[in-house]
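Structure record follows, encoded as structure tokens.
The values are calculated or read from the model by the stated rules, or taken from the named source; none is laboratory data. None of the values given here were measured: they were computed from a predicted structure. No Cβ is skipped: glycine too gets one built from the backbone with ideal geometry, and neighbour counts run over all protein chains shown.
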Amino acid sequence: MWRFRKSFSPLPGVRLTLSPSGVSTSVGTGPFRVTVGPRGPHFTASIPGTGLSFRQSLSGGSPHGGAVNPEPTFARPDSGAGQPPPADPKVEQIESAGSAVLTTPGLAEFRKLLDRARMEHAQTVAQLSAAKTAEAAATSKYISWRNGWLMRRLMKTRYAELHASADESTARRAELEEQEELARLTTQIDIPASLKVTFSRLADAFAQLSRSNKIWDTVSHSAIDQFAERTLATRAVERRQVKFQLGRCPVIQSEWLVPHLENANGGDIYLFPLFVVYFAGVSSFALLEYKEVEFTFRTTRFHEEDGVPADSKIVGKTWAKTNKNGSPDLRFKENHEIPITEYGKLLLKSSTGLNEEYMVSCVASAEAFGKELNALVQGIARGA
């Protein structure tokens with residue numbers, strides 16, 4: 001029973017469970033839980049220690065999803081040589097849709113709980129800050145009178161009021177600290193032991209990937225008029241250097257340390273054992289099931305004019321201005337040679353609008369990470 005904030009309702013824990021039919025979100029405390037999964041919502045009650053339980057469906061229908069159309073993939077910079085470029089080359093942004101539409105249906109309920117927790121926590125934190133300020137003022141005033149001699153003897157009633165006010169402000173601050181902790185939605189992720197091993201290997205591969213000399217987020221691309229530009233490249237890209245690191249997502253209260261992919265023009269990506277988080281901010285995030293996300297690893301050749309990273313392989317040479325046969329165009333006096341490097345490319349797409357492309361200097365690390373990520377996706381699809 002709360003003394004100062006009687007309307008406060010502690011958030012129950014949430015448990016995410018993997019089964020062959022998909023991911024289920026279970027909310028509740030003790031023997032009573034409400035679960036939302038691929039077969040719809042249902043209520044479960046159990047009697048501890050007896051093995052007896054009751055399950056009741058809360059939906060009359062069966063959930064179903066529409067067909068997922070595969071997203072188109074982009075041509076590699078060195079592919080399609082000799083093909084005529086588009087008549088009107090246009091820059092195309094490589095970015096995801098807004099967080100409001102990215103969440104996949106299976107995790108919509110969990111998304112709502114996280115948003116409620118965020119708002120409840122923010123409100124409590126603001127009240128706690130004000131309570132600490134009020135406590136400091138009330139306590140300071142009381143201590144000043146208590147340590148004096150005259151005022152607490154001449155004005156005994158006022159001194160008693162100051163004492164009571166200090167005690168009450170301390171009690172309010174302590175209560176709000178407890179509520180602040182209870183306003184954090186604790187997430188428990190239940191996965192089979194074999195999947196924990198798979199995710200551990202993924203985290204190790206990601207840690208190695210994060211040590212690549214260069215990681216870029218490709219934010220846009222456009223076709224090149226090869227004849228006008230006098231080049232063999234077929235695609236021009238804009239890229240920005242980003243960082244990969246293991247970390248924790250601000251909206252998920254969990255013990256998991258997960259791969260964090262920084263995004264240059266949108267929400268960062270966090271890879272949890274059962275789902276992907278697209279995080280643009282504490283009020284702008286989305287949750288996606290792995291079955292709705294397409295991960296692709298490729299190698300790509302890049303005309304590198306900004307310095308070749310130490311962990312990259314040079315696979316050829318070209319010229320700033322070239323003839324069709326690859327020889328230097330001698331009409332340009334300042335023509336210079338350009339190394340062609342091989343990079344790893346990681347693509348993440350979903351039918352709900354996720355669209356991200358990364359380029360990595362160390363091909364071997366990117367390939368190893370892609371292999372472990374596919375192993376995790378396949379394990380989740382099997383439900384084990």
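Could you please find all residues in the stretch 144-159 being surrounded by 12 or more Cβ atoms within 10 Å (Cβ to Cβ) and not hydroxyl-bearing (Ser, Thr, Tyr)?
Within the stretch 144-159, TRP145, ARG146, MET151, ARG152, MET155, ARG158 meet the criteria.
Out of (1) closer than 24 Å to THR17 by Cβ; (2) crowded, with 19+ Cβ neighbours inside 10 Å, what's the single condition that is false for GLY266?
(1)
List the strands (runs of 3 or more DSSP E) inside the stretch 195-258, counting only whole elements, that have at least 2 residues being modelled with pLDDT under 95 and within 30 Å of GLY281 (Cβ to Cβ).
215-223, 235-241
Scan ARG173, ARG116 and give me the residue that is in contact (Cβ under 8 Å) with a residue 24 or more places away in the chain, crowded, with 20+ Cβ neighbours inside 10 Å and basic (Lys, Arg).
Residue meeting the stated conditions: ARG173.
Please work out if ALA160 is among the small types (Gly, Ala, Ser) and within 41 Å of the chain's Cα centre (by Cα).
Answer is no for this residue.
Are any residues in the stretch 309-325 more than 30 Å from SER212 (Cα to Cα), assigned to a loop (DSSP other than H, G, I, E, B) and either of a type in the set (S, T, N, Q) or in contact with a Gly (Cβ under 9 Å, 6 or more places away or on another chain) (or both), and if so, which ones?
Answer for the stretch 309-325, where residues must be more than 30 Å from SER212 (Cα to Cα), assigned to a loop (DSSP other than H, G, I, E, B) and either of a type in the set (S, T, N, Q) or in contact with a Gly (Cβ under 9 Å, 6 or more places away or on another chain) (or both): ASN323, LYS324, ASN325.
Test SER140 against the criterion of being surrounded by fewer than 17 Cβ atoms within 10 Å (Cβ to Cβ) and either assigned to a helix (DSSP H, G or I) or not assigned by TED's automatic domain parsing to the domain that holds SER24 (or both), and give yes or no.
So SER140 fits the description; yes.
So, in the stretch 354-384, of the ones that are buried (at least 18 other Cβ atoms within 10 Å of the Cβ) and small (Gly, Ala, Ser), which residue ends up farthest from ILE94 (Cα to Cα)?
It comes out as GLY379.
Is there a residue being buried (at least 19 other Cβ atoms within 10 Å of the Cβ), closer than 30 Å to ILE340 by Cα, touching a Phe, Trp or Tyr at 6+ places or on another chain (Cβ under 9 Å) and assigned by TED's automatic domain parsing to the domain that holds CYS362 anywhere in the stretch 305-323?
The answer is yes; a qualifying residue exists.
Do we find that GLY383 is modelled with pLDDT under 90 and under 28 Å from the mean Cα position of the chain (by Cα) in this structure?
So GLY383 passes the test.
Looking at (1) surrounded by fewer than 19 Cβ atoms within 10 Å (Cβ to Cβ); (2) in contact with a His (Cβ under 9 Å, 6 or more places away or on another chain); (3) not aliphatic (A, V, I, L, M), which one does GLN241 not meet, given that it meets all the others?
For GLN241, the exception is condition (2).
Results for (1) modelled with pLDDT under 90; (2) among the aliphatic types (A, V, I, L, M), shown as yes or no for each residue.
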{"site": "LEU287", "(1), (2)": "no, yes"}
{"site": "ARG298", "(1), (2)": "no, no"}
{"site": "ASN325", "(1), (2)": "yes, no"}
{"site": "GLY344", "(1), (2)": "no, no"}
{"site": "ALA364", "(1), (2)": "no, yes"}
